[in-house]
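K.L.:
The following block contains the structure, expressed as structure tokens.
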Amino acid sequence: METLMAIFTIFTQPQLLLLVGVGTFAGIYIGAIPGLSVTMAVSILISFTFSWDVYPAISLMVGIYMGGVYGGSRTAILLNIPGAPSAIATAMDGYPMAQKGEAGQAIGVTTVMSFFGGLIGIFVLAVAAPFVADFAITFQPRDYMLLAVLGILLVGSLSSGSLVKGIFAGALGIAIGAVGRDPLTFTERFTFDLRLMEGGISFIAVMIGMFGVSEALQQLQNVNMKAVRQKIDRIMPSFGTVKKYLPLSLQTSSIGVIIGALPGTGGDIAALMAYDHAKRITKKPKVPFGKGAMEGLVAPETANNAAVGGAFIPMMTLGIPGDAVTAIMIGALFIHGLNPGPMLMVDQPDMFWFIVGALLMANVFMLIFGLTGIKIFTKIVEMPRSVIIPLILLLSIVGAYAVNNSITDVYWMLGFGVFGYFMRHYGYPLGPVILGVILSRLLDDNWRRAIISEREDLGSFFEGIITSPLSLTLFIAVILIFVSQTSIWTFAKNRLFGKAS
Amino acid sequence: MSRKLISALVALGLSATVATAQEYPTKEIQGIIQWGAGGSTDTVMRSVTPHAEEALGGTVVMQNMTGAVGAIALNYVVDADADGYTVLMGAENPMLYKVMGLGDEDYSAFTPINILARGTAMLVANNAAPFDDYAGMLAYIAENPGELKLGATGPGGLPSVITAMMNTVEGELDVISVPYDGDGPALTALQGGAIDVMPAVLGAAIEGIRAGNMKPILIFDTETNATLPEVQIATDANAAYATYLPWGPFFGVFAKNGTPDEVINALTAAYATAAENKDFIDLMAGRGFTMMNISGDEANAFLTKWQQGTAWLLDDAGLTQASPEEFGIARPAN
């Protein structure tokens, strides 16, 4: 009971409360700037907070993490540049909303739903951490591979228009993700013996180019068009709206927690999977997906904030990071003289409850800071195109450079921007490219691990899938989703149910 | 008015001259960390550097630059000016770049400022593995050829060296080598049962062992380990290991060759002081690292010996892209 009281430590010390607040505020704006990632901010903080006590240091980091995951949605909605990879799915329906003059409403819903998702993530962390961690650890390489295949099938829901073009874009993304030294054998792939290709192509550079620069180029075509007036009367979503999306947000939050808790997958994949889930279960959206559907905002935003709580689950119970940010926090705990690992919960249970409390507080601050200043932000979309286009380009260049302090990344980014512009022009969707890049490594590495583990014997590989309940479930899901996207399904459905009705 | 302006300018000029005449460092030093944030190299460097900053009276801005097994970071520092304002904070990997075909440069292009500490390698097994010690593991491999899944981290990584060592000492072991991105993900997979045994650095495995999530099998050292005294050591299991041990990954701070002597001396003195800091020593001991704190000729001798032993071990195991001979790496005398 006494250790449980550590959850309130944060509330009793104004200094810690202030640090969480400052962290969350900073996180929102760091997250909003493309290329400036939460991971980067937290790793800089490690040196900065070296001489502090461990509680203040963790407070600041937790705040930045929570705020940053949410902040990525800002630029995604307003400028179509996802501030962070986890906001890619948000851009797909958020930006169309802004173009219709509903940016304020989009940000409002995003904020409230992020808060809701965050809350679910924290709740699961607090009550079920050991169970979720035990479940997450049972994922074998073949399960990760099936998960990646499941992700690849999202191509269907991310491509508006031609599915063939979507598949082409997805395959291109997978190929882009494979460039560089293969991490398992260090063999060079698609590098053409160029040293600059050895490190691979920065995923963030591809993302910023494809979304940001191609958008700027697109807008150049109608520079003189008047910007849409933004409606700013309805920012706070009504209780009815929140209630309407409650079942969906509960489902997508669960997706977020699980994907976040799996070591090796994080908020970006969680958000995309949640988006796909929303698209699949929403039979009649008021506005079609990709044109500004509210469901398309609710799903990814609840999922990526729920993934924050999820990522802490394996970190706190097993000492295994759930994502890059928690990996750095483990390093921070170590530098502060703690031994992060499975024994942390036994040796220092108060640390666990303190983090739960800090996360809770950061979530509240996120809601407060998120709902203020929306009116000023929506003005960005009302700016004349001749101002906003250079702004997008500038942000994109700074963002691409900031990731690795590398000018090569800027060239990649610009190259992919121009390429993305032509892809749009010829009706190729850009979402699947990013999806392919994100999933490339997950798919490639785990397929190879799985098949190497079975001595490259396909027979025993499938035997493994069928005998493991987890793999079998995933495998059946893959098949069902795949079949449901083909014409055989529609045909069979008509034959079976068509006659009955 | 104008007189005031002139005097201000003169004052500014004077202070600028004073600044240039000041001793190293006169500006921020850039510390390039070869591995990602949160990893072993990162934590070691971020723990020691604040103490070194204090001793040096300057600021070291640390930055993680990952990719190509650390070669991106190494090349970045090689391409920078040899003025001591860009230093490399790295691990053992560059010593194998040449033979593994990962690059044309290694630490021979650098002056070691300080080799801070050395890690100890060990074997850990999944709790469900049907053996509890090294002899049991060998017997299991002999009875079930091609069954045991051994974790790996790619050619040149610690597991590949340990596996090569085991194959040389015990004869070819028929196991499946499953590659992971690093020892962290591999140890996670070990706990989930995706692999059975993992050669890992002691510091990475210690917390898992303490919690009873994995079992220790063998420690690759010549002396009993203070942190895990009850675990068998390699030379007790097979005396032939003595040829290659002690061996282990290490962490060091390096400046490019051609850096002025006074700068090298200032940095060396600062890091030597920092490595004696009690907090840092405690931190390293807690993680099972062996403190080294060596520089100059002593560090160079260590690097040469490490490179010779490891490069030839990997070459004999057929894992290298090019023979160590091509780069003038002599075969160690047994």
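K.L.:
Checking the structure you have, find out if any residue of region B:223-237 is within 14 Å of another protein chain (Cβ to nearest Cβ) and in contact (Cβ under 8 Å) with a residue 40 or more places away in the chain.
P.N.:
yes
K.L.:
Are there any pairs with C-beta distances below 7 angstrom linking a residue in region B:267-291 that is within 12 Å of chain A (Cβ to nearest Cβ) to a residue that is of a type in the set (S, T, Y), with the two at least 6 apart or on different chains, and if so which?
P.N.:
B:F280/B:S47; B:L283/B:S47; B:G288/B:T120; B:G288/B:T227
K.L.:
Right, next: Name, by its number, the condition in (1) more than 21 Å from A:V433 (Cβ to Cβ); (2) of a type outside the set (F, W, Y); (3) crowded, with 24+ Cβ neighbours inside 10 Å that does not hold for A:T282.
P.N.:
Unmet for A:T282, out of (1) more than 21 Å from A:V433 (Cβ to Cβ); (2) of a type outside the set (F, W, Y); (3) crowded, with 24+ Cβ neighbours inside 10 Å: (3).
K.L.:
Does A:M197 satisfy being part of a helix (DSSP H, G or I) and within 14 Å of chain B (Cβ to nearest Cβ)?
P.N.:
yes
K.L.:
Restricting attention to region B:79-98, which residues are away from every other protein chain (no Cβ under 12 Å) and within 24 Å of A:T187 (Cα to Cα)?
P.N.:
B:G90, B:A91, B:E92, B:P94, B:M95, B:K98
K.L.:
Let me ask something additional. With respect to A:A358, determine if the residue is within 30 Å of A:D53 (Cα to Cα), aliphatic (A, V, I, L, M) and at pLDDT below 85.
P.N.:
Against the criterion (within 30 Å of A:D53 (Cα to Cα), aliphatic (A, V, I, L, M) and at pLDDT below 85), A:A358 does not qualify.
K.L.:
For region B:24-83, name all the residues that are without any contact (Cβ under 8 Å) to a residue 40 or more places away in the chain, among the aliphatic types (A, V, I, L, M) and in a helix (DSSP H, G or I).
P.N.:
Correct list: B:A68, B:A71, B:I72.
K.L.:
Right, next: For region A:325-353, how many residues are assigned to a helix (DSSP H, G or I), free of Cβ contacts under 8 Å to residues at least 60 places away in the same chain and farther than 22 Å from A:F123 by Cβ?
P.N.:
Result for region A:325-353: 5.
K.L.:
Among the candidates A:A261, A:A227, A:A216, single out the residue that is within 14 Å of chain B (Cβ to nearest Cβ), of a type in the set (A, V, I, L, M) and touching a residue at least 60 places away in the same chain (Cβ under 8 Å).
P.N.:
When all the criteria are applied, what remains is A:A261.
K.L.:
Continuing with this model, one more query. Being more than 10 Å from every other protein chain (Cβ to nearest Cβ) and β-branched (V, I, T) is the filter here; which residues of region B:185-222 pass it?
P.N.:
B:V197, B:V201, B:I217, B:I219, B:T222, listed by residue number.
K.L.:
Name the residue that is surrounded by the fewest Cβ atoms within 10 Å (Cβ to Cβ), counting only residues in region A:446-501 that are of a type in the set (K, R) and within 14 Å of chain B (Cβ to nearest Cβ).
P.N.:
Across region A:446-501, the extreme among qualifying residues is A:R455.
K.L.:
I would also like to ask the following. Can you tell me which residue among A:A362, A:A327, A:A358, A:A400 is within 12 Å of chain B (Cβ to nearest Cβ) and hydrophobic (A, V, I, L, M, F, W, C)?
P.N.:
Only one candidate qualifies: A:A327.
K.L.:
Moving on to the next point. Could you look through region B:151-184, keep only residues that are over 23 Å from B:G67 (Cβ atoms) and of a type in the set (G, A, S), and pick out the one that is farthest from the other protein chains (Cβ to nearest Cβ)?
P.N.:
Here the answer is B:G171.
The values are calculated or read from the model by the stated rules, or taken from the named source; none is laboratory data. This one's a predicted model, so the numbers in the text were calculated from it and none came from an experiment. Cβ sites come from the backbone with ideal geometry, for glycine too, and all protein chains shown count toward neighbours.
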